[in-house]
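Peer 1: Quick one: structure below, then a few questions.
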Amino acid sequence: SWYGVSSGVLAFNQWHHLAATYDGAGTIQLYVDGALVANVTTAVGAVDQSTAPLRIGTADAAGDFVDAITDEVRIYGRVLAQAEIQSVMNAGL
């Protein structure tokens with residue numbers, strides 16, 4: 001679960017596209033395979049800037065790793081609409 005949001009269990013040995021957006025005004029949206037699965041409206045504040053390492057697939061340096069292969073990571077400076085997320089998912093890199 002992320003920010004108190006769970007999308008259920010993803011099937012093993014199957015490719016999935018995951019995307020999350022935050023509008024800076026309190027709304028986080030989580031997408032799995034292009035479908036909106038969670039809409040949280042209780043987030044607070046702007047995204048913090050940090051000089052700390054960006055970690056994808058782990059919560060910390062101690063090794064709390066996700067048991068998966070991660071590829072094609074993208075970070076955007078704006079919130080993508082659901083149609084844009086689906087387009088990115090379908091196009092790949």
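Peer 1: In the range 36-57, which residues are within 13 Å of the chain's Cα centre (by Cα) and surrounded by fewer than 12 Cβ atoms within 10 Å (Cβ to Cβ)?
Peer 2: Selection gives 39, 55, 56.
Peer 1: Then there is this: Take the conditions part of a loop (DSSP other than H, G, I, E, B), modelled with pLDDT under 85 and out of contact with any Asp or Glu (no Cβ under 8 Å at 6 or more places or on another chain) and apply them to residue 73. Does it pass?
Peer 2: no
Peer 1: Of these, 19, 11, which one is among the aliphatic types (A, V, I, L, M) and in a loop (DSSP other than H, G, I, E, B)?
Peer 2: 11
Peer 1: For the range 26-46, which residues satisfy the criterion of being β-branched (Val, Ile, Thr), closer than 16 Å to residue 85 by Cβ and assigned to a loop (DSSP other than H, G, I, E, B)?
Peer 2: Of the residues in the range 26-46, the ones β-branched (Val, Ile, Thr) are 27-28, 32, 37, 40-42, 44.
Restricting the remaining residues to those that are closer than 16 Å to residue 85 by Cβ gives 27-28, 32, 37.
Within the range 26-46, just 27 meets the criteria.
Peer 1: Taking residue 73, is it surrounded by fewer than 12 Cβ atoms within 10 Å (Cβ to Cβ) and under 13 Å from the mean Cα position of the chain (by Cα)?
Peer 2: For residue 73, the condition - surrounded by fewer than 12 Cβ atoms within 10 Å (Cβ to Cβ) and under 13 Å from the mean Cα position of the chain (by Cα) - is met.
The values are calculated or read from the model by the stated rules, or taken from the named source; none is laboratory data. Values in this document were obtained by computation on a predicted structure and should not be read as measured data. Counting neighbours? That spans all protein chains shown, and the Cβs are built from the backbone with ideal geometry, glycine included.
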